[in-house]
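Worksheet: the structure to be examined is printed underneath.
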């Protein structure tokens, strides 16, 4: 069988890709997808540990993460819609009101 | 055989993940994201997480991604909506950071002594709908119930946010 | 009697109602609330008084604790009320006279802009004053003490468009601050040495824990007396009271004659146990107050402002009350307090009625001959004048004579005190009759414009005058001395409160000189007073032309007295001016340069720092994510390396 470390390495790589996506993407929707990528990488690590330890706690945790992801997607996308409606743009750099 | 399938699917997952963030067109990004998710679902099956794998396909690849597509279509985003490409001053530094993060992850994985366990003695219900369900409704009942609250709040939040006028 | 806590609370409710919603109420509603609440207080006071009478004399002391206000370690102050003969007399006088003055104000203030404001303050004053006299501990008493001070300030400066009124208000407040400071220190000293602020505890423990005539009890009583000096306008802190006449006349009657200024006397009487333990303080009290009585009476001789004459007369009469306390005749002091509340309130209200009729004129030189125009005012004021002068059969005679007799015969008194007191009584009679003659008799000295508006005051003002006039006559009979076949009932009633003090001072009740001496002294006093009245009649009525010549006949003395001994100018020179100069120096040099410089400099430094730091906050979410990543990397790296 495949050692646990391999799965973890794959999860780490996907997580890093997601991280890069969050920092570099200008399209707010792509940033969102990158966040989903990171969440999935975490899921993969959970499942791998769960398999290794023979406990199903990780499965439940992934279930929770998926719920959170769904909720976040719903709210996040509605934020995007509101933003686009007000600013007519999906460029994250034009959303810079978070300063004095 | 097992290892071969692992290598193949994980390569697909990584490459598709890279393509997600390199694409200009968000619709293409979504397609690659779906690819990554499906590849991960295969990895889940390999890890004997059948229920989660199915959830991954149905909820993630199905529902959430359709939501993404729907929003993209709804907004009808064009190229110029993203504005000009502003050069980030800290681009090299950020790449360096990402590399450092990856190296750190690998170091941690390498350094941790995880005893490998044989897979043969797992119960038959491990990862099945029945097994996960039992866990959810016994040990994790309260967190499970709380997720329903979370979903309600999310629905309300989404409605409030997306509404034109309140 | 369980309802005594309502007595101060009802006017407080009136204060809140009128204060919060007075602007939208019509005048009848406002005065119904204001007078009604005070009337309820008066009825409750009556109820409490008769309830007290039903008890045995020894047990006439009822405490009702509403709630524990400041429980803090060994310090405990309750919102608790104490009903005993002393406070019963006080609440009756305060709420009764207060009610009459409220009613009078309805007429007097009818055309004033600040109608609601006036009654709001008045009700707040009633609440504070009743708290003051009903409190069962020093701290709550202090609350009332400061409350009446605040109302006094607000009401003196009631016509705040007038510069002199606001100045007078400030003066009253600041001068009172000196006294209140002493009062507060006295309370603290008592708590420090005895460990309680509760009246009954303090008075029970003081004789055991403090040495008779010792330094601590002397210091504490002197400090308390300083508070009384401020509030009750004795030398040297009396200067605010004459200026307080800038307020509306009902205020002068209520606060600056009948009630608030007597708070000091009440407080000294309340603390009689402590004062009896400190003979030195008693001597100081007697000397200071006797001096005040005489001194203020001399200033009153030649003032021309009708209200100022009364103001100086008030100071003088307060001096009398303190003399009584100083010779350990607390009952006589409270007796005079009560009769004085009647006749002095009446005098002020009468003066207010005259001023009202004269379209605001206060100078007696421009009055004269008002007797026929204002018959009710004249009659009632004449009654009050006879009372204050000490003419037999009027209330003032009994109370004043009791004080003079005690000053002569008490173990703490001396014939000298009696002589000065007698002189003062004569001067009082002189200036009061001067006032009557100048105002109501002789030639008319006002112009036609005033004459056309001249009118007797409405019923709502004259009826309180008449009631007070009746009280001024009969008020003295409840304390008829034994020498005049009376039962000294008033003093018997108050005796339980002062019994402990008397025990400490080894005073034997009813002992002393024979009645024969008392008769002689009484006759001497009456004779002197009548003589002074005839002097006044000679120069201000029969030979009115001579009056100016008579006054100026005193030469330099007249000038000094007329200018109130230049005390205000002296205070300005030796206290106010140096303070102002010093403050200016501190402000311009120390405050602006050093203090402000320090703080402005600190603010400037913080600003510069912030300007350099705010570049970090770009508002770009991605740069935040970048910093976030850097932080995560650092933490993970640290954990790896430190392993």
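Since every read-out is calculated from the coordinates, none of them should be taken as a lab result. It should be emphasised that the depicted structure is a prediction, and the values quoted were computed from it without experimental measurement. Here the Cβ is made from the backbone with ideal geometry for all residues, glycine too, and neighbour counts use every protein chain on show.
For the reader, a short list of remarks on this structure follows.
- Residue C:74-residue C:56 pseudo-label distance in nm [points 7 Å out on the Cα-to-Cβ vector]: 3.5 nm
- Förster-model FRET efficiency, 45 Å R0, residue B:69 and residue C:590, C-beta, rounded to 0.05: 0.05
- Label-to-label distance, nm, for residues given as residue B:25 and residue C:27 (7 Å Cα→Cβ offset): 8.8 nm
- Taking the longest Cα principal axis of chain C as reference, the axis of helix C:415-440 is set at about 90 degrees.
- Residues residue C:565 and residue C:444, FRET efficiency given R0 of 56 Å [Cβ-Cβ distance, rounded to 0.05]: 0.95
- When every Cα-Cα distance of the protein assembly as shown is counted in 10 angstrom steps from zero, the calculated P(r) takes the values 2, 10, 16, 15, 9, 5, 5, 8, 10, 9, 6, 3, 1, 0, 0 percent.
- Tensor-based shape of region A:4-92 (alpha-carbon gyration tensor, a/c under 1.5 rounded, otherwise prolate or oblate): oblate
- Measuring nothing but how far apart in sequence close Cα pairs (under 8 Å, 6+ apart) lie, relative to its length, chain B scores a relative contact order of 18 percent.
- Helix C:306-326 axis versus longest C-alpha principal axis of chain C: approximately 90°, rounded to the nearest ten.
- Counted by neighbouring Cβ atoms within 10 Å, the residues B:38, C:97, C:175 run from fewest to most as B:38, C:175, C:97.
- Extension gain, residue C:209 back to residue C:46 (0.36 nm per residue minus Cα-Cα distance, nm): 54.9 nm
- Comparing B:73, B:31, B:65 in a Gaussian network model of chain B, where Cα atoms under 10 Å apart are tied by springs, the biggest mean-square fluctuation is seen for B:73.
- Distance (nanometres) between label positions extended 7 Å along Cα→Cβ at residue C:600 and residue B:125: 7.9 nm
- With Cα atoms, 0 to 90° folded angle of helix A:4-24 axis to chain A main axis: 10 degrees
- Quick note on region C:320-436: its Rg to Rh ratio, both from C-alpha atoms and Rh being the Kirkwood radius, is 1.06.
- Gyration tensor (alpha-carbon) shape descriptor, region B:1-78, a/c threshold 1.5: oblate
- For chain C, the relative contact order works out to 12 percent when only alpha carbon pairs closer than 8 Å and six or more residues apart are counted.
- Here's the picture: a label point sits 7 Å out from the Cα of residue C:546 along the beta-carbon direction, and within region C:428-455 the residues with their amide nitrogen under 17 Å of it are C:430-431, C:434, C:437-438, C:442-443.
- Comparing B:42, B:95, B:21 in a Gaussian network model of chain B where C-alpha atoms under 10 Å apart are linked, the largest mean-square fluctuation is found at B:95.
- For chain B, a Gaussian network of Cα nodes joined below 10 Å ranks B:146, B:101, B:11 by mean-square fluctuation, and the top entry is B:101.
- Tensor-based shape of chain B (alpha-carbon gyration tensor, a/c under 1.5 rounded, otherwise prolate or oblate): oblate
- A Förster radius of 51 Å combined with the Cβ-Cβ distance from residue C:614 to residue C:201 puts the calculated FRET efficiency at roughly 0.25.
- Stretchable slack from residue C:3 to residue C:516, in nm (0.36 nm times residue separation minus alpha-carbon distance): 180.0 nm
- Computed over the protein assembly as shown, the per-residue total of -39500 (n - 2.57) for DSSP H runs of n ≥ 4 gives a 222 nm mean residue ellipticity of -23500 deg cm²/dmol, rounded to 500.
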